[in-house]
1. Only one of (1) more than 16 Å from the ligand (Cβ to nearest atom); (2) more than 23 Å from Leu30 (Cα to Cα) fails for Ile206. Which number is that?
2. Can Val139 be described as under 16 Å from Tyr28 (Cβ atoms) and assigned to a loop (DSSP other than H, G, I, E, B)?
3. List every residue pair whose Cβ atoms lie under 8 Å apart, where the two residues are 6 or more positions apart in sequence or sit on different chains, the first residue falls within the range 119-141 and is farther than 20 Å from Thr34 by Cβ, and the second residue, located anywhere, is hydroxyl-bearing (Ser, Thr, Tyr).
4. Kindly evaluate Val123 against the criterion of being outside any helix (DSSP H, G or I), under 17 Å from the mean Cα position of the chain (by Cα), more than 9 Å from the ligand (Cβ to nearest atom) and β-branched (Val, Ile, Thr).
5. For the range 38-47, check the following and say yes or no: at least one residue is surrounded by 15 or more Cβ atoms within 10 Å (Cβ to Cβ) and not aliphatic (A, V, I, L, M).
6. Hey, can you tell me all the residues within the range 151-165 that are surrounded by 18 or more Cβ atoms within 10 Å (Cβ to Cβ) and either within 16 Å of the ligand (Cβ to nearest atom) or of a type in the set (Asp, Glu) (or both)?
7. Is it the case that the range 190-208 has a residue that's crowded, with 17+ Cβ neighbours inside 10 Å, touching a Phe, Trp or Tyr at 6+ places or on another chain (Cβ under 6 Å) and touching a residue at least 24 places away in the same chain (Cβ under 8 Å)?
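The numbers here are math on the coordinates, done by the rules we state, and not lab data. Since we're looking at a predicted model, the values are computed, not measured. Every residue, glycine among them, receives a Cβ derived from its backbone with ideal geometry; neighbour counts consider all protein chains shown.
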Amino acid sequence: MKGFTLLDRGKARQAVELLEQEYKDSKYYLNFKTPIDLLVAAILSAQTRDEVTNSVTPELFKKYKTASDYANAKPDELAKLISRVTFFGNKAKSIIKACTIINEKYKGQVPRKMEELLELPGVGRKTANTILINAYGIVEGIPVDTWVIKLSGRIGLSKESDPDKIETELTSYIDRKYWKNITYVFKNHGKKICQSQTPVCSKCLIGPNSSHRLCPQNGVSKSK
Ligand code: SF4
């Protein structure tokens with residue numbers, strides 16, 4: 001990673017704590033009421049803006065409420081309802097397959113174990129962690145999304161670029177109490193200050209003008 005500086009663990013932990021305090025009201029961003037809703041919304045959200053996912057799900061959740069409803073859905077009808085999200089055809093197939101497994105193997109209940117969730121089509125560690133945390137309050141890891149990848153590199157929290165390796169590295173030293181919210185904290189900081197193309201380092205609470213000066217970026221960073 002060009003120009004990358006890894007923070008020492010003490011400073012990295014301090015940077016995370018400051019961001020957690022600053023964005024302490026951060027919450028998961030997709031609308032859902034049940035674990036099945038969440039599973040479906042999370043599958044739909046891959047490479048799709050949250051606003052688009054949230055605009056599609058109200059009608060969807062009205063029509064399909066249970067794993068059995070999705071398992072028995074006609075692929076064309078389901079795909080039509082979600083046609084505003086990217087890769088809607090493949091996502092419709094994944095949802096139907098995942099819900100068929102849930103119906104047959106888990107009596108219609110979204111599983112509560114990481115290894116069981118990872119068997120479902122369309123579900124990787126990010127989605128599995130998201131479901132465990134937000135549907136069941138089970139914190140096993142950190143959902144590593146694009147913001148976590150980007151900010152971990154910029155701030156020097158992880159030298160890795162693979163999401164699973166980033167998760168392993170971050171969970172090795174960040175206090176467990178921060179795991180459940182760190183993804184949403186990073187997302188808020190990314191949207192507000194550490195923007196994708198042009199981070200506003202001069203206004204950042206861990207940036208060059210702050211009293212902490214923890215982030216190794218000098219204010220002219222463009223991207224990771
Ligand atoms: S100093 Fe700049 S690059 Fe570092 S976290 Fe703040 S905005 Fe992002």
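1. Here Ile206 meets the rest and fails (1).
2. Yes, satisfied.
3. Gly141/Thr171
4. yes
5. For the range 38-47, residues surrounded by 15 or more Cβ atoms within 10 Å (Cβ to Cβ) and not aliphatic (A, V, I, L, M): present.
6. Leu151, Ser152, Gly153, Arg154, Ile155, Gly156, Leu157, Ser158, Glu160
7. yes
Here is a yes/no grid of residues against (1) more than 25 Å from Pro111 (Cβ to Cβ); (2) without any contact (Cβ under 8 Å) to a residue 12 or more places away in the chain; (3) among the basic types (Lys, Arg):
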| position | (1), (2), (3) |
| --- | --- |
| Leu19 | yes, no, no |
| Glu51 | yes, yes, no |
| Pro58 | yes, no, no |
| Tyr70 | no, no, no |
| Ala73 | no, no, no |
| Lys91 | no, no, yes |
